[in-house]
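Novice: Got a structure here, written out as structure tokens. Questions coming.
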Amino acid sequence: MENSTSFEQNKLASQTINYWKIVRIFLSRWYWVAGCVLMGFIFAWIKVRTSTPIYITSASLKLDNEQEQLGLFPNAPVSYRGFGANQIQTEGIIMRSEDVIFTALRNLNYQISYYLEGRVRTSELYPNEPFKIAIVKQDTVNFSRAIYNVLPKDDKHFELSSSDDEFKTKAIYKYGQKIVLGNMVFSIKSPIPAIGKYSFKFNAINDLYGRAAAGLNVFEQEKNTNIMGVTHTDSNPVFSANVLNEIIKAYVKNDAKLKQRSAKQTVDYLDSQIDFLDAQVNKAGGKLSNYQTSNNLIDPSSEKQAGTSKLADLQKQIADLQLQELFIAQIENQLKASQDRIQLNLNLEGTNSTLLSGLISQFNNLLQVRENKLLNFNASAQPVKDIERQIAEVKQAIKTNIQLLHDRNRKTLNFVNKQLGNANQSLNTIPGKQNDFAKLQSNLDINQRMLSMLFERKLSAQISSAAVIAGATIIGQAQPSFLPISPVPGKIYSSYMSMGLFIGLGLILLVRLTNPYIYDVEAIEGLTATPILGVILKYPKKLSNDNQSVLSLERPKSIFAESVRSVRTNLSFMASDKDTKMICITSEVSGEGKSFVSLNLAGTLSIIDKKVIVIAGDLRKSKLHKAFGSKNLTGLSSFLSGQSNLDEIINHDSKNNIDYITSGPIPPNPSELLHSNKIKILMDELRRQYEYIIIDTAPVGLVSDAIPLIRVADINLFIIRAGVSKNRSASIPDRLSKEYGLNNIAIILNSFGDEKLHSNIYTTNYAHANTGTYYYSSYSGYGSSGYYDDEQRKWWMFWKKG
């Protein structure tokens with residue numbers, strides 16, 4: 001820092017990070033960290049105790065490829081035969097459908113739930129029933145879902161209260177008595193156990209749907225396999241296992257039921273066609289018989305056989321094409337309805353294409369997905385609209401494919417009819433009777449062949465219907481697992497205690513980051529180039545601001561007194577060429593210990609036979625007179641205003657052998673008095689009488705009263721109080737030096753208590769910095785040296801008497 005006069009230039013000290021200090025900072029508040037970790041442990045214990053345990057059960061199924069099983073599409077692409085993740089998820093949606101879930105729940109005892117109240121939480125008792133309840137009458141939908149608390153009174157009576165009125169009304173009933181509550185009638189048949197607090201509630205099947213479906217999860221158990229894993233999570237492991245077993249059973253039965261329905265529709269359709277063709281055969285046979293009788297014909301000519309055979313083949317092709325048109329028309333009618341799935345009811349060769357079959361399968365899957373989406377979303381929701389858009393696209397593709405099949409069959413039918421016309425023209429060349437006979441015989445043969453073919457197809461369909469099996473096989477049923485997956489105590493304790501650890505460390509960092517005060521020498525050295533004269537330790541007992549005394553003389557063998565003597569020693573090196581030293585003591589604001597330092601510094605000087613006078617230079621708010629028990633009727637203000645002479649304002653303290661001048665009555669113009677010429681006259685007179693003149697001035701951060709005294713003083717001491725003075729106060733000595741050209745300012749750190757939490761993390765390297773620093777000690781680490789009366793015992797030495 002440059003000064004206006006040519007004195008030695010100082011610069012900021014060179015400092016390096018001291019990692020041991022960082023460790024000491026955290027160790028100084030180890031109990032904060034320990035407290036936060038303990039709180040984390042307590043919260044974790046509460047979390048574990050109050051959280052409802054969640055259990056998981058699992059089962060597995062083997063899925064069979066439906067297309068391979070039915071043999072409908074032998075030439076289908078591989079993508080229709082595998083079981084990828086998408087198809088597994090599709091099966092999961094089917095498994096969560098209402099038909100499957102409700103079928104499963106009907107096989108469980110779901111109507112009544114029993115509960116036992118514990119000290120921390122209430123537990124469901126399923127499948128146990130501590131007492132029997134008979135439902136006499138119940139509306140299946142509109143009944144109360146209230147919790148009923150029961151308490152046995154004696155062998156024949158019990159008390160019942162309901163959550164409908166917050167358990168305010170308590171009624172006494174007999175066992176077996178009909179109870180009319182909540183839009184239903186019921187009775188308790190068996191005695192309620194005397195130990196424990198029991199309650200129960202009535203359920204509808206819809207109430208348990210969400211519980212059963214929400215905990216269900218479907219996944220591919222092994223990659224690229226047809227094994228589907230199913231898990232269910234619930235707070236009751238037995239309920240979870242039972243409902244999962246019933247769900248997979250219902251899923252398997254539902255799959256078999258759908259296949260049997262399809263086979264039955266095929267048989268019914270074939271029966272209707274067989275009845276029609278049987279009538280046609282009878283009609284054709286009657287016509288042929290009548291024609292033979294009326295024309296006396298027994299056997300047509302052999303030369304007609306070739307034409308007749310060709311005609312029969314063409315008629316068979318026409319019949320096959322018509323049968324295909326019936327099948328396509330049936331699919332088209334189902335598509336127009338679009339409310340249910342499209343069933344492939346026929347197993348006729350050439351009646352459907354691979355593409356059409358794949359599109360129908362995709363259409364059915366999308367319909368199932370939409371049904372399940374509607375359970376969780378409104379019809380106007382975006383996920384439902386996306387599914388409906390896909391359904392519309394597939395539906396349009398099916399229509400296009402059907403139209404193509406219609407066109408193909410129409411062209412084929414026209415070609416066959418043309419061939420049939422040619423064959424009839426050939427037969428017309430045959431004599432009329434034989435020609436008519438051949439036509440009748442051909443019609444009969446065609447109908448007989450069609451009837452025989454339908455009988456064969458019906459037999460095949462009946463065999464297939466009898467052999468229908470479900471497309472999934474249960475290979476592993478669910479078993480109750482009593483090891484909860486949540487909460488996991490070890491994980492909760494470790495996470496909560498780790499959080500407590502980080503909160504504790506963060507609290508230490510937060511306190512340090514928000515601290516604006518100076519606590520140690522290193523902090524001052526990092527902020528100012530002004531030298532530090534010394535460190536005065538914090539007095540171990542609390543002091544009154546209005547009753548300060550010369551503590552360095554009261555306890556001369558204390559560490560505190562030694563720290564004051566250290567300042568006295570360093571003071572002798574300042575202004576060493578002066579016979580009388582005028583010392584001005586100031587600070588930024590009041591309360592930083594100017595008067596305290598003035599008194600104790602004067603006391604240490606007096607015991608080495610130095611003639612010392614202390615002057616209360618703060619004419620506005622001085623408290624120095626209270627330390628000596630003076631009434632402050634006359635003082636410095638009286639002398640400066642000409643009301644008293646020097647001898648009248650000098651007082652003597654015989655106890656400490658110190659002369660002093662109080663501030664006197666508060667004047668209306670303190671700053672002007674201190675700027676007057678009389679202050680110089682006073683100082684000149686005192687220099688002839690005393691070796692040390694110590695002036696306790698007003699704080700320079702608040703008023704400018706002290707400036708005239710600071711400019712004429714031999715030594716200026718700026719007081720910084722640990723834990724009270726803010727960081728900005730350290731820059732004031734540098735500013736005073738620069739503004740007034742002073743090179744006699746030094747800093748005293750007052751009330752230093754070795755506060756590790758707020759200590760600076762840097763260490764000053766005095767060998768590489770021209771700081772003008774005086775030697776002093778922080779007196780830390782001398783607690784058991786044996787040199788001082790007030791040595792502190794270590795915490796482990798509590799057994800020693802003081």
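Where a number appears in this text, it was derived from the coordinates with a stated rule and is not lab data. It should be emphasised that the depicted structure is a prediction, and the values quoted were computed from it without experimental measurement. Here Cβ is always computed from backbone atoms with ideal geometry, including for glycine, and neighbour counts include all displayed protein chains.
Novice: In debye, nearest 20: dipole of the range 635-692 around its Cα centre with unit charges on the Cβ of K, R (+) and D, E (-)? If you can, show how the numbers build up before the last one.
Specialist: Values: 5 positive and 8 negative charges, 22 e Å.
The dipole of the range 635-692 has a size of about 100 debye.
Novice: For the range 87-93, take each phi angle, set θ = phi - 60°, evaluate the Karplus expression 6.51 cos²θ - 1.76 cosθ + 1.60, and give the result in whole Hz per residue in order, putting x for glycine and proline.
Specialist: These are the phi-based 3J(HN,Hα) values: 5, 4, 5, 4, 5, x, 5 Hz.
Novice: Could you calculate the FRET efficiency of Asn376 with Arg449 from 1/(1 + (r/R0)^6), where r is the beta carbon distance between them and R0 is 56 Å, rounded to 0.05?
Specialist: Given R0 = 56 Å and the Cβ-Cβ separation, E is 0.55.
Novice: Between Val120 and Ser51, what length in nm is gained on full extension when 0.36 nm per residue of separation is reduced by their alpha carbon distance?
Specialist: Details: separation 69, 0.36 × 69 = 24.84 nm, distance 0.92 nm.
Residue separation times 0.36 nm, minus the Cα-Cα distance, leaves 23.9 nm.
Novice: Report the full-extension gain for the segment Arg106 to Arg735: residue separation times 0.36 nm, less the Cα-Cα distance, to one decimal in nm. If you can, show how the numbers build up before the last one.
Specialist: Values: separation 629, 0.36 × 629 = 226.44 nm, distance 8.96 nm.
Full-extension gain reported as 217.5 nm.
Novice: To the nearest 20 debye, what is the magnitude of the charge dipole of the range 595-704 about its Cα centre, counting +1 on the Cβ of each Lys and Arg and -1 on the Cβ of each Asp and Glu?
Specialist: Using only the charged Cβ atoms, the result is roughly 220 debye.
Novice: Which distance in nm do the two modelled labels at Asn206 and Thr140 give, with both placed 7 Å along the Cα-to-Cβ direction?
Specialist: 1.2
Novice: Turning to a different aspect of this structure: At a Förster distance of 25 Å, what's the computed FRET efficiency of Ser641 paired with Leu702, Cβ-Cβ distance as r, to 0.05?
Specialist: Values: r = 22 Å, r/R0 = 0.90.
Between Ser641 and Leu702 the formula returns 0.65.
Novice: About the Cα centre, and with charges only on the beta carbon of Lys, Arg (+1) and Asp, Glu (-1), how big is the dipole of the range 353-422? Nearest 20 debye, please.
Specialist: 300
Novice: Once each part is reduced to its C-alpha centroid, what is the distance from the range 151-193 to the range 204-267 in angstrom?
Specialist: Their Cα centres are 37 Å away from one another.
Novice: Could I ask something else about it? In the range 111-202, with Lys and Arg counted as +1 and Asp and Glu as -1 at Cβ, which of these residues, Leu125, Ile179, Ser144, has the Cα nearest the positive end of the dipole, that is, farthest along it?
Specialist: Projecting each Cα onto the dipole axis, the largest value belongs to Ile179.
Novice: Considering the zone a paramagnetic label at Phe26 would reach in this model (a point 7 Å from Cα along the Cα-to-Cβ line), which residues of the range 502-516 have amide N under 16 Å from it?
Specialist: 502-513
Novice: For Lys283, what charge total do you get from the other residues with a beta carbon under 15 Å from its beta carbon, if Lys and Arg give +1 and Asp and Glu give -1? It would help to have the intermediate numbers written out before the result.
Specialist: Details: positive: Lys287, Lys439; negative: Asp275, Asp278, Asp445.
Summing Lys and Arg as +1 and Asp and Glu as -1 gives -1.
Novice: Ranked from highest to lowest mean number of other Cβ atoms within 10 Å per residue, what is the order of the peptides 609-620, 395-406?
Specialist: Ranking the peptides 609-620, 395-406 by packing returns 609-620, 395-406.
Novice: At 7 Å along the Cα-to-beta-carbon direction for both Val488 and Asp407, put a label point, then send me their distance in nm to one decimal.
Specialist: Taking the simple label geometry, Val488 and Asp407 are separated by 6.2 nm.
Novice: Fewest first, what order do Thr569, Thr169 take by the number of other Cβ atoms within 10 Å?
Specialist: Working: Thr569 15, Thr169 11.
Ordered from fewest to most neighbouring Cβ atoms within 10 Å, Thr569, Thr169 come out as Thr169, Thr569.
Novice: Using a simple spin-label model with points 7 Å from Cα along the Cα→Cβ vector, what separation in nm is obtained for Asn727 and Ser572?
Specialist: Distance between the two pseudo-spin positions: 3.8 nm.
Novice: Sort 152-163, 706-717 for me by packing, meaning the mean count of neighbouring Cβ atoms within 10 Å per residue, highest on top.
Specialist: The packing order, highest mean first, is 706-717, 152-163.
Novice: For each of Trp32, Trp20, count neighbouring Cβ atoms within 10 Å of the residue's Cβ, then give the residues from fewest to most.
Specialist: Trp20, Trp32
Novice: Hey, what did the range 111-202 get for relative contact order, percent, Cα under 8 Å, at least 6 apart?
Specialist: 39
Novice: Kirkwood hydrodynamic radius of the range 111-202 from all distinct Cα pairs, in Å?
Specialist: 13.5
Novice: Continuing with this model, one more query. If packing is taken as the average number of other Cβ atoms within 10 Å across a peptide's residues, how do 525-532, 408-415 rank, most packed first?
Specialist: Numbers: 525-532: 21.8, 408-415: 13.0.
In decreasing order of mean packing, 525-532, 408-415 become 525-532, 408-415.
Novice: Now for a different question. If you plug each phi of the range 635-645 into the Karplus form 6.51 cos²θ - 1.76 cosθ + 1.60 with θ = phi - 60°, what whole-Hz ³J(HN,Hα) values come out, in order, with x for Gly and Pro?
Specialist: Result, ordered by residue: x, 4, 5, 5, 5, 5, 8, x, 8, 9, 8 Hz.
Novice: Could I ask something else about it? Explain nothing, just compute: Karplus ³J(HN,Hα) = 6.51 cos²θ - 1.76 cosθ + 1.60, θ = phi - 60°, for every residue of the range 215-231 in order, whole Hz, x for Gly and Pro.
Specialist: x, 8, 9, 10, 8, 7, 5, 10, 5, 6, 10, 9, 9, 9, x, 10, 10
Novice: Let me ask something else. Which cross-chain or sequence-distant (5 or more) residues have an amide H under 5 Å from the amide H of Asp653, H modelled 1.01 Å from N in plane?
Specialist: Residues meeting the criterion, in which the H sits 1.01 Å from N, are Ile658, Asp659, Tyr660.
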